[in-house]
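Readers should treat all values here as calculations from the given coordinates under stated rules, not as data from a laboratory. The structure presented is a predicted model; accordingly, all values stated were derived computationally and were not measured. Here the Cβ positions follow ideal geometry from the backbone for every residue, glycine too, while neighbour counts run over all protein chains shown.
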Amino acid sequence: MTTTTTGGATFKGAVGSAHTRVEGRDKVTGAARYAGEIPFARLAHGWFVLSTVARGRVRSVEDGPVLGMPGVVAVLHHANAPRVDTDYVGLLGTAPDPTAAVFQHDRVPHAGWPVALVVADTSEQAREAAEALVVHYEQEPHDVTFAAEHPDAYPLDSHGPAVAEKGDLESELAASAVVVDAEYTTPEEHHNPMEPHAATARWDGGRLEVVDSNQGTMWVAGELANLFSLDPASVRVRSEHVGGGFGSKGVRAHQVAAVMAATVLRRPVRVVMTRRQMFSLAGYRSPTRQRLRLGADAGGRLRALEHRSLSLTSTVHEFIETAAGPARTMYDADAHHTANRVVRLDVPTPTWMRAPGEAPGSFALESAFDELAERCGLDPIELRARNEPALGPVSGLPFSGRNLLACFREGARRFGWADRDPRPGVRRDGRWLLGTGTAAASFPAGAAPSTAAVTAEADGTFTVRINAADIGTGARTALTLVAADALETAPERVRVRIGDSDFGPAFIAGGSMGTRSWAWAVTAAAEELLERLTPGAAIPPEGITVRSDTTEAVGALARKERHSFGAQFAEVAVDPATGEVRVRRMLGIFAAGRIVNPLTARGQFVGGMTWGISMALHEEAVRDHATGGHYGADLAGYHVAAHADVPSVEADWIEDPDPDDPVGIKGIGEIGIVGAAAAIANAVWHATGVRHRHLPIRPDRVLTAGAPSA
Amino acid sequence: MKEFDYRRALDVSGALALLDADPDARFLGGGTNLVDLMKAGVERPARLVDVRELPLAGVESTADGGLRIGATATNSDLAAHPDVRRRYPALAQAVLAGASGQLRNMATVGGNLLQRTRCGYFADVTKPCNKRVPGSGCPAVGGEHRNHAVLGASEHCVAVHPSDMGVALTAFDAVVSYETADGPGELPIADLYLPVGDTPHRETALPPGALITGVTLPPAPTAANSRYRKVRERASYAFAIGSIAAALDVRDGVVRDARLAFGAVASRPWRARAAERVLTGAPADAGTFAAAADAELAAAKPLPHNGYKVTLMRNLVVAVLTELAEEATR
């Protein structure tokens, strides 16, 4: 920690020391208001009616009887709703998901598609009328079956190319001393943030104002301006507190429907999704089917690596879960083939969900590596050490930093890995078989252009305005610490205001890039402000403000392989008589750039690892093939880990500052979940001698998997 | 949601009068299931009669050494009661295995017995369900049924009863007392739940408008050596995928008395009488326990995706009875 002296005051660095959340007291006392609970005069409430068929057309919406129900003021549907424009490319470089462009036509592309919005004076009246609304459909046969070899599957590029190939795969496999060839599957998984999606829209003096819960107000404001053909300056979106997003809180049906209703009714309208509605309206992680073929020489060095992933998307929008992507960073081989393919089915459009690509991809890749280690008779960490690449395996670019093996070394030391007996199925504690497992983790580290404004106030404090989003990560607090250090002042003298599209362009809370991108802009503005301030000179009543824009600086970053890395460790207990699997302890060691606030950073890592427990053992959305909709679409049917499932989970990090970032940040939002499920699955093998290649590892799967294979 | 009338009853006759045997009225206990079903639109009562203030919350010993449990005793109070913990430990364990601390503080004994299945088709009004809409069909048979019944089900419904408490009460021959406008009545718990047959919407033998007032456990010395084991997909706050309440009296290596009931395998808590017959008088060893399990599970009719429950229940019977036998001879 550094101590510098400025203008006679002692300044102690804030970045790197633990700080509780600046809004923590407001949150725990209920003073913090979330989007669905901010009062407005004359507020009306909209309630979605979702399709009960999975494919077809809306023949009629019988809105007459419903309009006569108590409190009902409008029923919006495809025959009467305002038209929107979907022919544009949004902030993230993609066209809008038509799921958000509600009520534009009579086609129903999946079960749970919004077919109407009932608006009433109270939420209860709207709900009762929505449930009474009769909608007639022309139903068509649907296809929701995600099969291994669907004839209509096709490769789809996203941030990287769909297919990357070097070398002759088949001949390298044929020449390999050891081969692993296995299929792994992960199920449909949902974000399920604690706070459901909620938005209130109103017109105020010719401006559209939306109070929302999202991961980027500029992003949502831009989409709404495009959809409704408005001047971007006439749209303001605010999102002060967000109870979790995980990739699901961009532009969605609720904001668009609220704007439509507010426009038609000329009064504020709020639309909140129910938990059940979120299962078809909020996005989700596609299920994956992944084939891994690894070929190695007797010493474990890879000759062949093939990772093929199939995911699904809707019939109305393309999204691909790039599960075959991590192999392009992690391991090299003489023949290296990766491919991401997708199939279009009559289901909702999936989207980014915490560690998209890496979370399911690492399960397959890191499980296959464990299998390879077993067949080579090598320790799983040693196998990874022997396959540590010097350059990007596909890109050929240098790494900006790759501290994977340092994470394994530190993790192995603290976990007690050296004492591990590699034989499976030999440790017992009463009715439980015990085992340990490990897996590697990685996630891209990036930054995106952002702007910030920092004001020196007349009273000696500072105000930072940046359109950041704190979706529970602690970003607001992290930016307070970053600004305090840049301004060489105490965090208590810095006020950070976020979540308002009027603050100007800034990147979203996504891609593990939010805090880094925002901190860069805040640092740039603060440093320039500090230069402008004359020691001892009075500051005018309006303060002195400096604005920054990092577009140029971020654009000047050299092309490199830029990633965070980590090593995951897990110990599990398995009761072979009942199939129950319980995690006993986990340890994650990460090399993820400079850690701004150890308190909230640990929360991010532990939260990700805990999600990894859920991914390994619990989470699974079940689709009912007859109706094409979900079975058990609520938190009683869709299990996440309960407290009793989360034992000692420890996360820590090694020194790994990013040399190309002004603060040294890489980003920590997603890597905590990467590799966690594989570490648990590998531990289940070590406990029982049985490989589990399909998530979640449910009791029935353990029971029916039978005895260990020879 | 639908508007409803809410009334609070202060005595049993008042509760019966407020309900008035109206098919659109419901008694409200802790509300831990009924209120959820109202939110989901599965239940749409016109009137709720809150019975939680009735003077029926006591748990006390009977003159013959049994136990009388009031219908409005909360799950938490029941599980904490010293007589329950000492004389019927499986009952206390079963209650504590269910739900969460907050829910157990609200949930009542009477309500627990009458809670509805957690079948995902039953809870989703957009899908068919013979239990919710008679004659609409049972999509679980050809659809999602991993946690559905393997015993006593029919083609019309394969849903399971979700109660943990009910499994222990079934093992211990509980008798359910009720009141109606025409006077009191009693039902052994084995007769409380009707067979599924082709009327899965008719769940209990209680007369219309009846109010459960209490549950009586007859004296059962065997119950002092009893255990409840619940298997679920996570460690807490989940319904069972298979559970067992077992009590064993072993003397000189021979089973003198055995009580066995299964949870999450049938439309009701499942008393394993075929297994008990094999156990009684037989050597208390793993061979007997396995034979007992097989005798009970011979009648199982698993569906394509719930056959694991037969393996699970067989393993549970052997494991839990082995533990009890070891403890009895220690």
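Given R₀ = 25 Å, FRET efficiency for B:Thr62-B:Arg273 by Cβ-Cβ distance, to 0.05?
Working: r = 24 Å, r/R0 = 0.98.
For B:Thr62 and B:Arg273, the calculated efficiency is 0.55.
From the square roots a ≥ b ≥ c of the eigenvalues of the alpha-carbon gyration tensor of chain B, which class results: rounded (a/c under 1.5), prolate (a/b over b/c), or oblate? Can you show the working numbers first?
Working: a/c = 2.03, a/b = 1.29, b/c = 1.57.
Cα axes put chain B in the oblate bin.
Counting other C-beta atoms within 10 Å, which of B:Cys138, B:Cys157 has the fewest, and how do the rest follow?
Values: B:Cys138 24, B:Cys157 27.
Ascending Cβ contact count within 10 Å gives the list B:Cys138, B:Cys157.
What is the spin-label model distance, in nm, from B:Leu103 to A:Ala390 if the labels are put 7 Å beyond Cα along the C-beta direction?
About 5.9 nm, to one decimal.
Chymotrypsin sites (Phe, Trp or Tyr not before Pro), restricted to the range A:596-662: which are DSSP loop and have at most 13 other Cβ atoms within 10 Å?
Details: sites: A:Phe605, A:Trp611, A:Tyr631, A:Tyr638, A:Trp653; in loops: A:Tyr638.
Of the chymotrypsin sites (Phe, Trp or Tyr not before Pro), not one in the loops of the range A:596-662 has a Cβ with at most 13 other Cβ atoms within 10 Å.
Can you tell me how chain A classifies by the Cα gyration tensor, rounded, prolate or oblate, using a/c under 1.5 as the rounded cut?
Numbers: a/c = 1.83, a/b = 1.14, b/c = 1.60.
Taking the square roots of the gyration eigenvalues as a ≥ b ≥ c, chain A is oblate.
Fully extended, how many nm does the chain gain between A:Arg585 and A:Arg375 (0.36 nm per residue separation, minus their Cα-Cα distance)? The partial results should precede the final answer.
Details: separation 210, 0.36 × 210 = 75.60 nm, distance 2.62 nm.
Result for the pair: 73.0 nm of gain on full extension.
Please give the helix B:286-297 orientation as an angle from the longest Cα principal axis of chain B, in degrees from 0 to 90, rounded to the nearest 10.
30
When the chain is fully extended, how far beyond the present Cα-Cα distance does A:Ala18 get from A:Thr263, taking 0.36 nm per residue of separation? Could the numbers behind the result be given before it?
Numbers: separation 245, 0.36 × 245 = 88.20 nm, distance 4.61 nm.
Taking 0.36 nm per residue and subtracting the Cα distance, the gain is 83.6 nm.
At most 11 other Cβ atoms within 10 Å and a DSSP loop assignment: could you name the GluC sites (Glu not before Pro) in the range A:541-608 that fit? Spell out each step's value before the answer.
Numbers: sites: A:Glu542, A:Glu552, A:Glu561, A:Glu571, A:Glu580; in loops: A:Glu542, A:Glu580.
For GluC sites (Glu not before Pro) across the range A:541-608 that sit outside H, G, I, E and B with at most 11 neighbouring Cβ atoms in 10 Å, the list reads A:Glu542.
Consider a paramagnetic label point 7 Å from the Cα of A:Asn80 along Cα→Cβ; state which residues of the range A:100-119 have an amide N under 14 Å from it.
Label zone hits: A:116-119.
With 10 angstrom as the radius, rank A:Arg354, B:Arg273 by how many other C-beta atoms surround their C-beta, starting from the fewest.
Details: A:Arg354 25, B:Arg273 14.
Ranking A:Arg354, B:Arg273 by Cβ neighbours within 10 Å, fewest first, gives B:Arg273, A:Arg354.
Once both labels are modelled 7 Å past Cα along the beta-carbon direction, what's the A:Glu382-A:Ala233 spacing in nm?
The answer from the label model is 6.8 nm.
Once you charge only the Cβ atoms, +1 for Lys and Arg and -1 for Asp and Glu, what is the size of the charge dipole of the protein assembly as shown about its Cα centre, to the nearest 20 debye? Each step should come with its number before you reach the end.
Numbers: 105 positive and 121 negative charges, 202 e Å.
Charge dipole of the protein assembly as shown: 960 debye, to the nearest 20.
Around A:Glu209, what is the net charge, scoring Lys/Arg as +1 and Asp/Glu as -1 over all other residues with Cβ under 11 Å from its Cβ? Can you show the working numbers first?
Details: positive: A:Arg202, A:Arg207, A:Arg236, A:Arg238; negative: A:Asp204, A:Asp212, A:Asp500, A:Asp502.
Result for the neighbourhood of A:Glu209: 0.
Given a Förster radius of 56 Å and the C-beta distance between B:Glu155 and A:Glu542 as r, what FRET efficiency does 1/(1 + (r/R0)^6) yield to the nearest 0.05? Don't jump to the answer; show the numbers that get you there.
On the way: r = 78 Å, r/R0 = 1.39.
Efficiency, from the Cβ-Cβ distance: 0.10.
What ranking of A:Asp152, A:Asp297 emerges when the number of other C-beta atoms within 10 Å of each C-beta is taken as an exposure proxy, fewest first? Don't skip to the answer; put the middle values down first.
Numbers: A:Asp152 9, A:Asp297 15.
With the fewest neighbours first, A:Asp152, A:Asp297 line up as A:Asp152, A:Asp297.
For the range B:223-329, what size does the Cα cloud have along each of its three principal axes, sorted from largest down, in whole Å?
Principal axes ranked by extent give 41, 29, 21 Å for the Cα atoms.
Tell me, what ³J(HN,Hα) does each residue in the range A:267-273 have, in order and in whole Hz, if you take phi through Karplus 6.51 cos²θ - 1.76 cosθ + 1.60 with θ = phi - 60° and put x for Gly and Pro?
So the Karplus estimates, Gly and Pro as x, are 8, x, 10, 10, 10, 10, 7 Hz.
Out of B:Ala80, B:Ala210, B:Ala298, any idea which swings most in a Gaussian network model of chain B, alpha carbons joined below 10 Å?
The residue that fluctuates most here is B:Ala298.
Provide the FRET efficiency to the nearest 0.05 for the B:Thr180-B:Thr280 pair, computing r from the beta carbons and using R0 = 41 Å. Show your work: numbers first, answer last.
On the way: r = 37 Å, r/R0 = 0.91.
Efficiency, rounded to the nearest 0.05: 0.65.
Once the piece of chain linking A:His136 and A:Asp168 is laid out straight, how much longer is it, given 0.36 nm per residue of separation minus the C-alpha distance between them?
Numbers: separation 32, 0.36 × 32 = 11.52 nm, distance 5.56 nm.
Extra length available between A:His136 and A:Asp168 comes to 6.0 nm.
Please find, in a Gaussian network model of chain B (springs between Cα atoms separated by less than 10 Å), the residue of B:Thr288, B:Thr170, B:Thr311 whose mean-square fluctuation is greatest.
B:Thr311
Quick one: if you stick a label point 7 Å off each Cα along the C-beta vector at B:His305 and A:His105, how many nm between them?
3.2
Can you list the HN-Hα couplings for the range B:128-133, worked out from phi with the Karplus curve (6.51, -1.76, 1.60; θ = phi - 60°), rounded to whole Hz and with x for Gly and Pro?
Each residue of the range B:128-133 in turn: x, 5, 5, 6, 8, 10 Hz.
A:Val342's amide H: which non-local residues (gap 5+, or another chain) put their own amide H closer than 5 Å, with H modeled 1.01 Å from N in plane and none for Pro or chain starts?
Under 5 Å from the amide H of A:Val342 lie the amide H atoms of A:Tyr154, A:Leu156, A:Ser311, each far enough along the sequence or on another chain.
Quick test of the membrane-span-like rule: which DSSP H helices of chain A reach at least 24 Å along their long axis (C-alpha atoms) with mean Kyte hydropathy at least -0.5? It would help to have the intermediate numbers written out before the result.
Working: long enough: A:358-376 (25 Å, -0.14); A:514-532 (27 Å, -0.16); A:598-617 (28 Å, 0.61).
For chain A, where a helix must reach 24 Å along its axis and average at least -0.5, the hits are A:358-376, A:514-532, A:598-617.
Taking amide H positions as placed in the peptide plane 1.01 Å from N, state which residues far from A:Val237 in sequence (5 or more) or on other chains have amide H under 5 Å from it.
A:Val210, A:Ser501, A:Asp502
Given the options B:Ser267, B:Ser136, B:Ser163, state which has the largest fluctuation in a GNM of chain B using a 10 Å cut-off (strictly under) for Cα springs.
Its mean-square fluctuation being the largest, the pick is B:Ser136.
To the nearest 500 deg cm²/dmol, what mean residue ellipticity at 222 nm is calculated for chain A from DSSP H runs of n ≥ 4 alone, each contributing -39,500 (n - 2.57), summed and divided by the residues? Don't skip to the answer; put the middle values down first.
Details: 17 runs with 177 residues, N = 710.
Result for chain A, helices only: -7500 deg cm²/dmol.
Ordered by residue, what ³J(HN,Hα) values in Hz, to whole numbers, does the range A:669-675 give under the Karplus form 6.51 cos²θ - 1.76 cosθ + 1.60, where θ = phi - 60° and Gly and Pro are x?
Working through the residues one at a time gives x, 10, 5, x, 8, 5, x Hz.
Mind running the shape call on the range A:620-710? Use the C-alpha gyration tensor, a ≥ b ≥ c as the square roots of the eigenvalues: rounded below 1.5 for a/c, prolate if a/b tops b/c, oblate otherwise. All intermediate terms of the calculation are to be shown ahead of the outcome.
Details: a/c = 2.50, a/b = 1.50, b/c = 1.67.
Since a/c reaches 1.5 but b/c is at least a/b, the shape of the range A:620-710 is classed as oblate.
Roughly how far apart, in whole Å, are the Cα centres of the range A:405-434 and the range A:255-301?
If we compute the Cα centre of each part, the gap is 36 Å.
What are the residues whose amide H is under 5 Å from the amide H of B:Arg8, where those residues sit 5 or more places off or on another chain and H is modelled from the backbone?
Sorted by chain and number, the residues that satisfy this are B:Asp50.
What is the distance in Å between the Cα centroid of the range B:154-215 and that of the range B:31-104?
If we compute the Cα centre of each part, the gap is 15 Å.
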